[in-house]
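Just below is one structure, and these are the notes that go with it.
The values are calculated or read from the model by the stated rules, or taken from the named source; none is laboratory data. Bear in mind the structure is a predicted one, so any value in this text is a computation, not a measurement. Ideal geometry is used to build each Cβ from the backbone, glycine not excepted, and the neighbour counts take in all protein chains shown. Side chains included, ligands, DNA and RNA excluded: accessible areas come from the protein's heavy atoms. Shrake-Rupley method; radii C 1.70, N 1.55, O 1.52, S 1.80 Å.
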Amino acid sequence: MTLVSLLRRGRGRNLFLPAHGRGAALPEALRELLRSRAGIWDLPELPTVGGPLEPEGAVADSQADAAAAMGVKRCWFGVNGATGLLQAALLAIGRPGEAVLLPRNVHRSLIQACLLGDLTPVLYDIPFHTDRGQPAPMDASWLQRVLRDLDTPVAAAVLVHPTYQGYARDPEPLIRLLQGRGWPVLVDEAHGSHFAAAVDPLLPSSAVTAGADLVVHSLQKSAAGLAQTGVLWLQGERVDPAALERSLGWLQTSSPSALLLASCETALAEWRTPQGRRRLQDRLNEARGLKQQLCRQGLPLLDTQDPLRLVLHSGSAGISGVEADAWLLPRGLVAELPEPATLTFCLGLARHRGLAAALHRSWRRLIQAHPGRVPQPAFEPPPLPLVASPLLPIGQAWRAASRCVPLAEAEGGIAAELLCPYPPGIPLLIPGERLDRDRIQWLLRQRRLWGEQLPASVRITDNSGSMTQTPSSRG
């Protein structure tokens with residue numbers, strides 16, 4: 001089957017990203033453009049069109065309008081997803097040889113940015129939901145513990161808000177703590193651009209309104225943008241806009257898609273109109289009602305702070321999220337994120353008529369298809385110090401001569417690559433980290449939980465055995 005023919009097929013119920021629900025929630029201006037003559041929108045950076053880094057043209061005007069509406073200093077559209085914008089932002093606030101403070105649930109793109117920019121990632125542990133095996137958002141007291149334990153000078157700090165599954169706390173106290181050290185703060189808010197729309201007082205605050213210096217939104221994950229669209233917001237005086245533009249110029253394509261740039265424009269403009277804001281509020285209200293109905297019917301849905309995420313705790317019935325996804329997928333219920341104890345459905349911005357009945361029916365049949373199961377036991381947090389840096393510089397480890405070995409035989413080795421399930425793309429191991437016995441045993445247990453989503457082997461550096469010093473870690 002060709003890709004073109006595959007893209008024309010139905011996919012069952014669209015409970016996955018992009019959030020526009022296979023076009024159902026695309027802004028009308030973009031829908032009209034896509035109904036035009038095929039390819040009419042495929043233009044280069046003509047003077048009247050411009051691009052994200054051009055001072056004049058329609059793109060520059062759109063970016064200026066969006067920044068003014070958001071109340072920030074500058075914004076840049078992105079056409080290679082939140083990944084490229086996060087990487088450019090981190091490279092703009094950290095110089096080669098400096099260290100940056102990152103949470104353990106950071107996306108792999110920022111670890112890759114450390115490698116590209118010769119930055120040292122100083123990783124701090126975060127709270128953990130033992131009943132479901134997922135990272136939890138930290139509060140200010142947790143971050144204060146991290147800062148007390150930190151003995152490495154850092155140049156900048158990163159936060160993740162919200163998590164992939166929709167967990168969130170008010171980011172403002174965290175941002176103030178970090179900025180109080182004089183550091184610029186970059187927030188990966190890829191899954192929370194709808195927080196910034198400020199249409200619903202029950203939603204968590206956006207990192208934009210909380211005062212973060214740099215915030216990245218994925219417009220396909222939490223707004224009505226096409227895949228690969230994103231936006232980077234800048235406010236305050238801690239970050240030089242020229243430095244950001246230099247980084248963006250290194251990492252973005254020299255031929256950005258005019259269609260994707262138009263999608264950035266229309267997705268952001270959608271929530272500046274009364275109709276667009278009303279539609280977002282309607283989707284949030286519908287999502288809350290759906291969850292209440294399903295909980296009354298006995299579905300084990302976990303509480304998160306984002307109504308547009310439904311997190312099914314399949315592990316409470318002894319069924320892993322990976323198993324549940326494999327069973328539901330061919331039956332037309334297509335989720336976004338399978339994990340060892342949960343299955344996350346992304347409701348997005350489209351309407352889902354009849355979804356409550358379909359989910360209830362599918363859950364009952366899933367239980368019947370897996371009889372005799374018992375609830376999963378508590379999950380163990382990763383055996384990590386509160387704060388730690390790689391034993392070997394990340395770039396040196398990644399570029400070193402290396403060999404691939406089974407996880408069970410990797411004790412004492414130094415990782416030469418990222419090890420992470422995708423999705424969500426959160427590394428369980430980064431280049432330069434030592435694989436001690438506790439870490440190996442934990443990773444092997446994770447392998448049994450994740451199945452094929454987590455590799456059974458790891459690449460380690462050839463000089464692993466000669467490294468005798470202990471890693472930089474506290475706590």
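To keep it simple, each residue is scored yes or no on (1) closer than 23 Å to Thr83 by Cα; (2) of a type in the set (Gly, Ala, Ser); (3) in a helix (DSSP H, G or I).
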site: Glu411; (1), (2), (3): no, no, no
site: Glu417; (1), (2), (3): yes, no, no
site: Pro423; (1), (2), (3): yes, no, no
site: Ile426; (1), (2), (3): yes, no, no
site: Ile440; (1), (2), (3): no, no, yes
site: Arg445; (1), (2), (3): no, no, yes
site: Leu449; (1), (2), (3): no, no, yes
site: Pro455; (1), (2), (3): yes, no, no
site: Arg459; (1), (2), (3): no, no, no
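Would it be correct to say that Leu214 is free of Cβ contacts under 8 Å to residues at least 60 places away in the same chain and within 19 Å of the chain's Cα centre (by Cα)? Judged against the criteria, Leu214 is not a match.
Within the group Val387, Val405, which residue is at pLDDT 90 or above, among the β-branched types (Val, Ile, Thr), open to solvent by less than 40 Å² (accessible area, probe 1.4 Å) and under 19 Å from Val160 (Cα atoms)? Let's see the steps before the verdict.
On the way: Val405 fails: under 19 Å from Val160 (Cα atoms).
From the options Val387, Val405, the qualifying one is Val387.
For segment 461-475, the tally of residues that are open to solvent by less than 40 Å² (accessible area, probe 1.4 Å) and either at pLDDT 85 or above or assigned to a strand (DSSP E or B) (or both) stands at 2.
Within segment 18-41, the set of residues being part of a loop (DSSP other than H, G, I, E, B) and buried (at least 19 other Cβ atoms within 10 Å of the Cβ) comprises Pro18, Ala19, His20, Gly21, Ala25, Leu26, Pro27.
Suppose the filter is without any contact (Cβ under 8 Å) to a residue 60 or more places away in the chain and closer than 26 Å to Pro137 by Cβ; does Pro201 pass it?
On the way: without any contact (Cβ under 8 Å) to a residue 60 or more places away in the chain: yes; closer than 26 Å to Pro137 by Cβ: yes.
It is true that Pro201 is without any contact (Cβ under 8 Å) to a residue 60 or more places away in the chain and closer than 26 Å to Pro137 by Cβ.
Run down Gly372, Gly298, Gly348 and say which single residue is part of a loop (DSSP other than H, G, I, E, B), at positive phi and surrounded by 21 or more Cβ atoms within 10 Å (Cβ to Cβ). The match here is Gly348.
Report yes if some residue within segment 216-225 is over 30 Å from Ala29 (Cβ atoms), charged (D, E, K, R) and open to solvent by 40 Å² or more (accessible area, probe 1.4 Å); otherwise report no. Break it down stepwise before answering.
First, the residues of segment 216-225 that are over 30 Å from Ala29 (Cβ atoms): none.
Within segment 216-225 (the criterion being over 30 Å from Ala29 (Cβ atoms), charged (D, E, K, R) and open to solvent by 40 Å² or more (accessible area, probe 1.4 Å)), the answer is no, since none of the residues qualifies.
Among residues that are under 30 Å from Leu359 (Cα atoms) and surrounded by fewer than 17 Cβ atoms within 10 Å (Cβ to Cβ), Arg9 is included. Does segment 42-60 include one or more residues that are modelled with pLDDT of 95 or more, assigned to a helix (DSSP H, G or I) and surrounded by fewer than 19 Cβ atoms within 10 Å (Cβ to Cβ)? Taking every residue of segment 42-60 in turn, at least one turns out to be modelled with pLDDT of 95 or more, assigned to a helix (DSSP H, G or I) and surrounded by fewer than 19 Cβ atoms within 10 Å (Cβ to Cβ). In this structure, Ala168 does satisfy being open to solvent by less than 30 Å² (accessible area, probe 1.4 Å), at pLDDT 95 or above and under 16 Å from the mean Cα position of the chain (by Cα). If you go through segment 408-436 and pick out every residue that is more than 26 Å from Gly133 (Cβ to Cβ) and open to solvent by 10 Å² or more (accessible area, probe 1.4 Å), you end up with 1. Residues in segment 304-323 include none that are open to solvent by 10 Å² or more (accessible area, probe 1.4 Å), touching a helix residue (DSSP H, G or I) at 6+ places or on another chain (Cβ under 6 Å) and assigned to a strand (DSSP E or B). Do you know which of the residues in segment 172-188 that are crowded, with 21+ Cβ neighbours inside 10 Å and touching a helix residue (DSSP H, G or I) at 6+ places or on another chain (Cβ under 7 Å) is farthest from Asp149 (Cα to Cα)? Filtering segment 172-188 for residues that are crowded, with 21+ Cβ neighbours inside 10 Å and touching a helix residue (DSSP H, G or I) at 6+ places or on another chain (Cβ under 7 Å), the one farthest from Asp149 (Cα to Cα) comes out as Asp188. Look through Leu85, Leu91 and report the one residue that is touching a helix residue (DSSP H, G or I) at 6+ places or on another chain (Cβ under 9 Å), at pLDDT 95 or above, open to solvent by 20 Å² or more (accessible area, probe 1.4 Å) and not in a loop (DSSP other than H, G, I, E, B). Result of the check over Leu85, Leu91: Leu91.
Does any residue of segment 200-210 turn out to be over 30 Å from Leu43 (Cβ atoms), open to solvent by less than 40 Å² (accessible area, probe 1.4 Å) and among the hydroxyl-bearing types (Ser, Thr, Tyr)? So that I can check it myself, show each step before the final result.
From segment 200-210, those over 30 Å from Leu43 (Cβ atoms) are 200-210; that's our starting set.
Still in the list and also open to solvent by less than 40 Å² (accessible area, probe 1.4 Å): 200, 203-204, 206-208, 210.
If we keep only those that are among the hydroxyl-bearing types (Ser, Thr, Tyr) too, we end up with 206.
Yes, that holds for at least one residue.
Scanning segment 267-281 for any residue that is without any contact (Cβ under 8 Å) to a residue 60 or more places away in the chain, surrounded by fewer than 19 Cβ atoms within 10 Å (Cβ to Cβ) and within 23 Å of Leu90 (Cβ to Cβ) turns up nothing.
The condition (being among the acidic types (Asp, Glu) and open to solvent by less than 30 Å² (accessible area, probe 1.4 Å)) is satisfied by just one residue among Asp213, Asp240: Asp213.
For Val231, indicate whether it is closer than 21 Å to Leu349 by Cα, of a type outside the set (D, E, K, R) and either at pLDDT below 95 or in contact with a Lys or Arg (Cβ under 6 Å, 6 or more places away or on another chain) (or both). So that I can check it myself, show each step before the final result.
Numbers: closer than 21 Å to Leu349 by Cα: yes; of a type outside the set (D, E, K, R): yes; either at pLDDT below 95 or in contact with a Lys or Arg (Cβ under 6 Å, 6 or more places away or on another chain) (or both): no.
No: the conditions fail for Val231.
List the residue pairs whose Cβ atoms are under 9 Å apart, where the first residue sits in segment 2-22 and is closer than 14 Å to Arg309 by Cα, the second is surrounded by 10 or more Cβ atoms within 10 Å (Cβ to Cβ) and among the aromatic types (Phe, Trp, Tyr), and the two are 6 or more positions apart or on different chains. As it stands, the answer is Leu15/Phe345; Phe16/Phe345, since those pairs meet every condition given.
Is it fair to say Arg447 is basic (Lys, Arg), crowded, with 19+ Cβ neighbours inside 10 Å and farther than 16 Å from Asn105 by Cβ? Full working, then the answer.
Values: basic (Lys, Arg): yes; crowded, with 19+ Cβ neighbours inside 10 Å: yes; farther than 16 Å from Asn105 by Cβ: yes.
So Arg447 fits the description; yes.
On the stretch given as segment 150-198, residues that are acidic (Asp, Glu) and closer than 18 Å to Asn105 by Cβ total 3.
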